[in-house]
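Report on the following structure.
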Amino acid sequence: MLGLFGGSFDPPHRGHVALAKRAREELGLDGLLVLVSEQPGHKDVTTPADVRLRLTRAAFPDDEVVLDDRARTVDTLEEHPEWRDPVFLVGADEFCDFLSWKRPDDVLALARLAVATRPGFPREGLESVLARLAHPERVLFFDLEPLPISSRDLRARLAAGEDVSDEVPAAVLDIVRREGLYRGSTRVH
C-alpha cells in the first residue's frame, strides 16, 4: 500500500514527520511518496519550490520526495494511474476542508484518504464531511498525538531569529541556518 503525503512544506516540521510515521505504523504502508507542491492551489508560498524540495528531502531522508507540478490533488492522481489506489494522508483540519477541494469525489475514486485525528478534535466536523461524500467508506482515520506546530508560525519565528530546534528536524534546521532562509523573505506567488 503506497502512502502519498502532499503539501507545501514551507518549512517541513516535526508535525509532518510524526504524521507520516504514525500513518506507516497504523496503516502498514509499504512505502511513502512525499509530494512537494510546486505551486499549491490553496495557499501562497514564501519559498521557491526547489528550496522546499531540498528541505523536505532533509526531513524525510528515508522516503522518496518529489516535486508535484500540479496545483490540485485530483490532477496529480489522474496523472499517475500506476499508483493503484494509494492512500493520501491528511490532517483532520485539512479533511474538514475536503469538500472545497477540486472534485473531492473523484479524489476518493482514485485514492483513499487517511485522516490523522487528535484527541479532543471535534468529531462532528469530520462526520459532516463524511455525510456529504459519495464514498465515505474510502476514508480511514488514525490517531495522532497533537503537536501544536504550524509552518506559518515557524516562518514568523525564524524571521524573528527565534529558536525552533524543538519543532524542526535537525537536518532541515541546518539548511535553514546555513542558507539564511526565512529571514526577511518575500512572498512567492
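The values are calculated or read from the model by the stated rules, or taken from the named source; none is laboratory data. Fair warning: this is a prediction, and the values are worked out from it, not measured in the lab. A quick note on method: Cβ atoms are made from the backbone with ideal geometry, for glycine too, and the neighbour counts reach across all protein chains shown.
Annotations
- Considering residues of region 82-99 that are in contact with a helix residue (DSSP H, G or I) (Cβ under 8 Å, 6 or more places away or on another chain) and in a helix (DSSP H, G or I) only, the residue surrounded by the most Cβ atoms within 10 Å (Cβ to Cβ): PHE95
- Restricting region 150-178 to residues that are touching a residue at least 24 places away in the same chain (Cβ under 8 Å) and of a type in the set (Asp, Glu), the residue that is surrounded by the most Cβ atoms within 10 Å (Cβ to Cβ) is GLU167.
- Any chance HIS16 is surrounded by 19 or more Cβ atoms within 10 Å (Cβ to Cβ) and either within 15 Å of the chain's Cα centre (by Cα) or over 25 Å from VAL139 (Cβ atoms) (or both): yes
- Selection within region 136-149 - loosely packed, with under 11 Cβ neighbours inside 10 Å and either over 20 Å from PHE9 (Cβ atoms) or touching a Leu at 6+ places or on another chain (Cβ under 9 Å) (or both): GLU137, GLU145
- Wholly within region 100-189, helices (runs of 4 or more DSSP H) carrying at least 1 residues that are within 20 Å of LEU89 (Cβ to Cβ) and at pLDDT below 95: 123-131, 151-159
- Exclusive hit being at positive phi and of a type in the set (Lys, Arg), set ARG72, ARG84: ARG84
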